[in-house]
């Protein structure tokens, strides 16, 4: 009997959460999205506020198995850092790469952010 594959991407139970996050995007997320949407970065398709398992990531490139996270002030909290570490561990277990940037860097040096993302592309 074929093994049932667990669906971990964009589970229906997180649809409202994803929608709310997209509709209330932080300014840095909105700015980076303008550069990633419609395959604007080297032809790669990105999704924003994409859920993987129980977690919602800022941006996800399925072809590269790449998660892009933007960190602002809330990520400096000790409890949030523990949560972020648990989430990162789960995502890595799923075979994904994670690249993180500070929100401020998106505004101060967007080219470096885009180059940093593209650096993780396989080919």
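Scanning the stretch 64-91 for residues that are in contact with a strand residue (DSSP E or B) (Cβ under 7 Å, 6 or more places away or on another chain) and closer than 22 Å to residue 30 by Cα returns 64, 65, 66, 67, 68, 69, 70, 71.
Please find, among 42, 49, 94, the residue that is out of contact with any strand residue (DSSP E or B) (no Cβ under 7 Å at 6 or more places or on another chain) and touching a residue at least 24 places away in the same chain (Cβ under 8 Å). So that I can check it myself, show each step before the final result.
Details: 49 fails: out of contact with any strand residue (DSSP E or B) (no Cβ under 7 Å at 6 or more places or on another chain); 94 fails: out of contact with any strand residue (DSSP E or B) (no Cβ under 7 Å at 6 or more places or on another chain).
It is 42.
Evaluating residue 114 against the criteria (1) without any contact (Cβ under 8 Å) to a residue 40 or more places away in the chain; (2) surrounded by 14 or more Cβ atoms within 10 Å (Cβ to Cβ); (3) in a helix (DSSP H, G or I) leaves one unmet condition, (1).
Values in this text are rule-based calculations from the coordinates and carry no lab data. This one's a predicted model, so the numbers in the text were calculated from it and none came from an experiment. We place every Cβ from the backbone using ideal geometry, glycine too, and count neighbours over all the protein chains shown.
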